[in-house]
């Protein structure tokens with residue numbers, strides 16, 4: 001479904017990687033590994049279309065993702081290094097507006113259920129500025145529980161700043177997504193095991 | 001498309017409502033700048049009447065400029081802008097919505113406040129009418145052009161000063177015809193032509209400014 005063709009990335013005059021190619025079938029997890037500064041985040045930003053590759057292209061279902069425009073981004077959930085959480089909004093509002101950008105308008109109960117799944121029950125109406133770093137990350141991750149219709153998930157360090165319970169929840173959500181035929185690309189420094197899914201490892205040398 | 005624009009407007013207005021201080025700052029700045037001139041030049045009614053249109057317009061221009069960094073900087077810093085770039089809706093819809101929300105929280109209140117400041121300069125009723133009409137047509141142009149500048153200076157060092165240097169020259173035509181409309185009404189001359197030209201600026205920038213803003217945002221996030 002997701003295919004990369006001879007991708008190259010240059011940052012500040014330095015070539016981070018070149019001739020990078022892979023093809024991911026439905027139900028596949030791509031784990032991008034590598035030391036700090038190897039270009040993991042850059043690769044993810046290229047895959048989701050925020051950044052342009054120095055060479056090569058990204059294909060979705062055989063077509064150039066860049067040319068597909070919104071037809072591609074509609075299929076996509078990207079959680080970046082920055083959580084895109086508004087400090088002045090409550091978790092419920094943050095989740096609602098994030099999903100609206102992705103073209104989803106779930107009912108209020110569904111939002112509360114998703115937040116509860118990430119352990120934020122009772123915090124739905126607290127402005128995000130009073131939440132801890134890990135809790136803000138959980139608010140961003142609550143999108144996963146309501147984005148099963150989006151076939152492609154691109155997650156940049158989704159497990160950073162999370163406690164053990166939240167990590168288990170995220171792994172369960174990603175596994176369910178893979179079992180349903182979705183594709184996930186993620187970076188993480190944690191050693192975690194994804195059962196049942198076919199996992200592809202990509203190591204960027206730096 | 002329309003639903004996406006309205007969705008963004010709702011989001012940004014809600015955010016502005018949570019940060020009422022930011023909106024109030026701009027309005028207070030407008031009132032203070034426009035009130036400083038009579039204190040500096042003396043309260044001679046004819047002189048005040050002559051300089052009133054220009055002063056109120058320049059103060060509105062500076063107040064609009066002051067509010068521009070609010071447009072994208074916060075969304076850029078917390079990653080929201082990234083999400084908008086790869087949203088299911090076109091970036092142009094997002095940009096249009098944000099620009100409209102910006103106008104609703106700066107240009108519109110400036111326009112509504114302006115007659116009060118006009119009275120301070122002893123402007124007669126026809127000139128006050130022209131002031132409101134010219135600001136109503138001109139302030140959306142300020143928001144639209146300002147959005148291009150705000151997008152171009154995203155992430156740059158000394159962005160605030162750079163933004164002023166970039167945007168203020170582009171504001172000149174709006175200032176000339178905006179203040180000109182009030183001046184003409186003050187002199188008892190017809191000012192329809194000035195307003196028509198402001199309307200033309202508005203139509204032109206409504207078409208081209210969001211497009212330029214989108215291009216600038218894509219470059220800023222690359």
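The values are calculated or read from the model by the stated rules, or taken from the named source; none is laboratory data. Not measured: the values here are computed from a predicted model. Ideal geometry is used to build each Cβ from the backbone, glycine not excepted, and the neighbour counts take in all protein chains shown.
Values for this structure:
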{"item": "In segment A:1-25, the residues that are assigned to a loop (DSSP other than H, G, I, E, B) and exposed (fewer than 13 other Cβ atoms within 10 Å of the Cβ)", "result": "A:12, A:13, A:25"}
{"item": "Helices (runs of 4 or more DSSP H) lying entirely in segment B:35-150 (those with 3 or more residues that are more than 24 Å from residue B:206 (Cβ to Cβ) and either out of contact with any helix residue (DSSP H, G or I) (no Cβ under 8 Å at 6 or more places or on another chain) or free of Cβ contacts under 8 Å to residues at least 12 places away in the same chain (or both))", "result": "B:45-67, B:73-78"}
{"item": "Flag for residue A:71 being without any contact (Cβ under 8 Å) to a residue 40 or more places away in the chain and either assigned to a strand (DSSP E or B) or farther than 23 Å from residue A:8 by Cα (or both)", "result": "yes"}
{"item": "Of all residues in segment A:63-92 being more than 7 Å from chain B (Cβ to nearest Cβ) and more than 28 Å from residue A:26 (Cα to Cα), the one that is surrounded by the fewest Cβ atoms within 10 Å (Cβ to Cβ)", "result": "A:87"}
{"item": "Hits in segment A:26-64 - residues which are at pLDDT 90 or above, touching a strand residue (DSSP E or B) at 6+ places or on another chain (Cβ under 6 Å) and either assigned to a loop (DSSP other than H, G, I, E, B) or not assigned by TED's automatic domain parsing to the domain that holds residue A:193 (or both)", "result": "A:53, A:54"}
{"item": "Test: residue in segment A:102-122 that is part of a helix (DSSP H, G or I), at pLDDT 90 or above, touching a strand residue (DSSP E or B) at 6+ places or on another chain (Cβ under 7 Å) and within 30 Å of residue B:5 (Cβ to Cβ)", "result": "no"}
{"item": "Which numbered condition residue B:79 misses (of (1) under 30 Å from residue A:80 (Cα atoms); (2) at pLDDT 95 or above; (3) surrounded by fewer than 24 Cβ atoms within 10 Å (Cβ to Cβ))", "result": "(2)"}
{"item": "Residue satisfying condition, being touching a helix residue (DSSP H, G or I) at 6+ places or on another chain (Cβ under 9 Å), on the phi < 0 side of the Ramachandran plot, in contact (Cβ under 8 Å) with a residue 24 or more places away in the chain and not in a helix (DSSP H, G or I), within set B:170, B:195, B:154", "result": "B:154"}
